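One structure is given here, and the rest of the page talks about it.
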Amino acid sequence: MEPERCVSLFVCVLLGLATAMAADTECFLMNNTSCDKCLQNVKCLWCNTDSKCVDYPVKNVLPPSSLCKLRDARWGVCWVNFEAMIIAMSVVGGSLIFALIICCCCCCRKKKPRNTGLEDEREAREKEQRRTRQEERRAEMKTRHDEIRKKYGLFKEDNPYSKFES
């Protein structure tokens, strides 16, 4: 690397560290001021009980009670405490998840595209084919039964009085 680049990189790193350290000390400097001034910095947490502006504990999701109780902690805006924010976010998140599940179950379910004209025509054709096959089977059964009746002399003739003439 060229020496100028190394120097410029070093200066950038130093400026970044100085900015990060200044941001950390800003929260401490806002003690005993107002909540609005403290929360102008996103890294700060305001505690109403003792009017302290402290660094937000980023390692924890929620600030520990030793730092500040949830009902007295403010972050982002001064008019909402952490308890109310947690409850509100839980309700909103639960509602969104519930709406998503309802949407997936009811609205987004794949429905078969129904081409009624072609499908109705196919069903009518199949019904006609079934009817034709049934008629053929009935005709075959009738001829078979007629042959059996002839064989045993039980064949019904057209004239019901023909038995008495012989």
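The values are calculated or read from the model by the stated rules, or taken from the named source; none is laboratory data. In this text, all values refer to a predicted model and were calculated from it rather than measured experimentally. Neighbour counts run over all protein chains shown; Cβ positions are idealised from the backbone, glycine included.
Search segment 72-85 for residues that are in contact (Cβ under 8 Å) with a residue 24 or more places away in the chain and at positive phi and pair each with any residue that is in a loop (DSSP other than H, G, I, E, B) and surrounded by 15 or more Cβ atoms within 10 Å (Cβ to Cβ) when their beta-carbon atoms are under 7 Å apart and the residues are at least 6 apart or on different chains.
These pairs meet every condition: GLY76/LEU39.
So which residues in segment 26-48 are under 16 Å from VAL58 (Cβ atoms) and either touching a residue at least 60 places away in the same chain (Cβ under 8 Å) or exposed (fewer than 12 other Cβ atoms within 10 Å of the Cβ) (or both), if there are any at all?
VAL42
Looking at segment 44-64 only, could you name the residues that are polar (S, T, N, Q) and within 35 Å of the chain's Cα centre (by Cα)? Walk me through it before giving the result.
Taking segment 44-64 first, the residues polar (S, T, N, Q) are 48-49, 51, 60.
Answer for segment 44-64, where residues must be polar (S, T, N, Q) and within 35 Å of the chain's Cα centre (by Cα): just ASN60.
Is one or more of the residues making up segment 121-140 at pLDDT 85 or above, within 33 Å of the chain's Cα centre (by Cα), outside the structural domain of GLU26 (by TED's automatic domain parsing) and over 28 Å from CYS27 (Cβ atoms)?
Looking through segment 121-140, none of the residues is at pLDDT 85 or above, within 33 Å of the chain's Cα centre (by Cα), outside the structural domain of GLU26 (by TED's automatic domain parsing) and over 28 Å from CYS27 (Cβ atoms).
Exactly one of these conditions fails for CYS68: (1) over 30 Å from GLU26 (Cβ atoms); (2) part of a loop (DSSP other than H, G, I, E, B). Give me its number.
Against the list (1) over 30 Å from GLU26 (Cβ atoms); (2) part of a loop (DSSP other than H, G, I, E, B), CYS68 comes up short only on (1).
Given the conditions (1) charged (D, E, K, R); (2) farther than 15 Å from GLU26 by Cα; (3) surrounded by fewer than 17 Cβ atoms within 10 Å (Cβ to Cβ), which single one is not true for ARG74?
Against the list (1) charged (D, E, K, R); (2) farther than 15 Å from GLU26 by Cα; (3) surrounded by fewer than 17 Cβ atoms within 10 Å (Cβ to Cβ), ARG74 comes up short only on (3).
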